[in-house]
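Chemist: Following this message is one structure expressed as structure tokens.
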Amino acid sequence: MSLTFHWFLPTNGDSRDVVGGGHGSPATASGRDRPPTVAYLSQIARAAEDLGFVAALTPTGAWCEDAWLTTAMVSQHTERLKFLVAFRPGFVSPTLAAQMAATFQRQTGGRLLLNVVTGGESREQRAYGDFLDKDARYRRTGEFLHVVRELWDGKSVDLNGEHLRVEEARLSRVPDPVPEVYFGGSSPAAGEVAARYADVYLTWGEPPAQVAGKIAWVRELAAAHGRTPRFGIRLHVITRDTAAQAWAEADRLLDGFDPETVRAVQEGLGRSESEGQRRMLALHGGSRDGLEIHPNLWAGIGLVRGGAGTALVGSHEEVADRIKEYHALGIDEFVLSGYPHLEEAYWFGEGVLPRLAAQGLWAHPDGRASAAAPELPVAI
């Protein structure tokens, strides 16, 4: 299977420094360096489209712009790029969400993918009027996805569930194609929802051995329901012509982390209810030491940013090798990002993708021929 690559729209702002935020921690001041205007986000989206990324993930939460509205506007400035819209099912009725997705598909020519985020932080959920605990939120997500999938199949739905109730729900026009559902989560409750409803199970960028364990876990759960989801991974990336250049950039980003900001962010993230966030924090323990937790896998981003906190760092060849290592475990889709998102898209798109194409592991979605990976000079 050819690898699939997605990029990221920084709707919380962009910078040459790391923009922190997420999972209960506020966006850092660096997010004001490049505000998330439609013009700038469209510039990133057009670059991703041209380079060969399939879609762009847009986050959800109080720390960023609304994903539905933003991607609807940016879609009008692109032609092929899909949008992996993150949203929380507790904030909108399943019938309305199914209708919104159908409308998005018709108005964009089928360019919607959905990243269903149950919500790991009760404090933030309560700000939106949601007072369920974490396990109850996952049960509600299961009911939500049941209704949405039935509606997308053109069925009339009646449900009197634990958390959701609909009567004679039906869409006048179903989406074509039906959007694929991306879903992540590391708790037992998350695994059951993923097994039943996810087309793609997403994990954050843990070391390969841990990722292999999560893949085996979800595969077993899904098999019990007669399902075989695909698997994806969410990572940042710092790739350069040489390893020394890449690690120098990682060191520059690390030098920009104010100790007080790191302390405050780590304190806030330590209160997170998210099992995935707990696993991210365990990779670095809040320390600046020993951040390369696997060859070319750097946990520094997680010192100031919630959620995905690891980056692939190295030469283009090394980053391509790590991608192949994850692919050998069963990962077929990579959701990537980097600071700043416009420039880093070109570093990856012009440095790594041609190398993977030359090995038959990737092809441009437009069918265009990829330029051969440039030969680097040999050090003497």
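Chemist: Dipole of the chain (Lys/Arg Cβ +1, Asp/Glu Cβ -1, origin at the Cα centre): which of His77, Val237, Ile323 lies farthest to the positive side?
Modeler: His77
Chemist: To continue, here is another question. Is it possible to state the helix-based mean residue ellipticity at 222 nm for the chain, with each DSSP H run of 4+ residues giving -39500 (n - 2.57), the sum divided by total residues, to the nearest 500 deg cm²/dmol? What is it?
Modeler: -12500 deg cm²/dmol
Chemist: Dipole of segment 157-249, Cα-centred, from +1 at each Lys and Arg C-beta and -1 at each Asp and Glu C-beta, to the nearest 20 debye?
Modeler: 160
Chemist: If you average the alpha carbon positions of segment 295-318 and of segment 143-199, how far apart do those two centres end up, in angstrom?
Modeler: For segment 295-318 versus segment 143-199, the Cα centre distance is 33 Å.
Chemist: Rounded to the nearest 0.05, what FRET efficiency do Gln359 and Leu329 give with R0 = 25 Å and r taken as the Cβ-Cβ distance? Could you check?
Modeler: 0.90
Chemist: Still on this structure, I have one more. Tell me, what is the 1.4 Å probe accessible area of His23, in Å² to the nearest 10?
Modeler: Around 40 Å² of this residue is reachable by solvent.
Chemist: Which value, in Å² rounded to 10, gives the accessible area of Leu96 with a 1.4 Å probe and all protein chains present?
Modeler: 80
Chemist: Return the Rg/Rh value of the chain, two decimal places, where both radii are evaluated on C-alpha atoms and Rh is the Kirkwood radius.
Modeler: 0.95
Chemist: Place the peptides 339-346, 167-174, 100-107 in order of packing, highest mean first, counting for every residue the other Cβ atoms within 10 Å and averaging per peptide.
Modeler: Most protected by this proxy first, the peptides run 339-346, 100-107, 167-174.
Chemist: So, one more: Peptides 209-220, 9-20: what's the order by average Cβ count within 10 Å, highest mean first?
Modeler: Result, highest mean first: 9-20, 209-220.
Chemist: A follow-up question, please. Calculate how many DSSP beta bridges within the chain are antiparallel, expressed in % of all such bridges and rounded to the nearest 5.
Modeler: The antiparallel fraction comes to roughly 20 percent.
Chemist: Mind computing the radius of gyration and Dmax over the alpha-carbon atoms of segment 201-247? Å is fine for both.
Modeler: When restricted to Cα atoms, segment 201-247 yields Rg and Dmax of 15.1, 47 Å.
Chemist: Treating the beta-carbon of each Lys and Arg as +1 and of each Asp and Glu as -1, no other charges, what is the dipole magnitude of segment 209-350 about its Cα centre, to the nearest 20 debye?
Modeler: I would put it at about 680 debye.
Chemist: Relative to 2.2 N^0.38 Å, what does the C-alpha radius of gyration of segment 1-131 come to as a ratio? Two decimals please.
Modeler: Segment 1-131 yields a ratio of 1.07.
Chemist: Antiparallel DSSP bridges in segment 144-240: what percent, to the nearest 5?
Modeler: Bridges in segment 144-240 that DSSP calls antiparallel: roughly 25 percent.
Chemist: Could you give each residue of segment 248-260 its phi-based ³J(HN,Hα) in whole Hz, using Karplus coefficients 6.51, -1.76, 1.60 with θ = phi - 60°, and x for Gly or Pro?
Modeler: Residue by residue, segment 248-260 yields 5, 5, 4, 5, 4, 4, 5, 4, x, 7, 5, x, 5 Hz.
Chemist: Let me ask something additional. Report the residue, chosen from Val319, Val116, Val38, that carries the largest GNM mean-square fluctuation when the chain is represented by alpha-carbon nodes joined by springs under 10 Å.
Modeler: Val38
Chemist: Compute the distance in nm between two label points, each set 7 Å from the Cα along the Cα-to-Cβ direction, one at Ala136 and one at Glu162.
Modeler: My value for the distance between the label points is 1.0 nm.
The values are calculated or read from the model by the stated rules, or taken from the named source; none is laboratory data. Since the structure is predicted, the reported quantities are computational estimates derived from the model, not experimental observations. So basically every Cβ, Gly included, is an ideal-geometry build from the backbone, and we count neighbours across all protein chains shown. These accessible areas exclude ligands, DNA and RNA; they are computed on the full protein's heavy atoms, side chains included. Shrake-Rupley method; radii C 1.70, N 1.55, O 1.52, S 1.80 Å.
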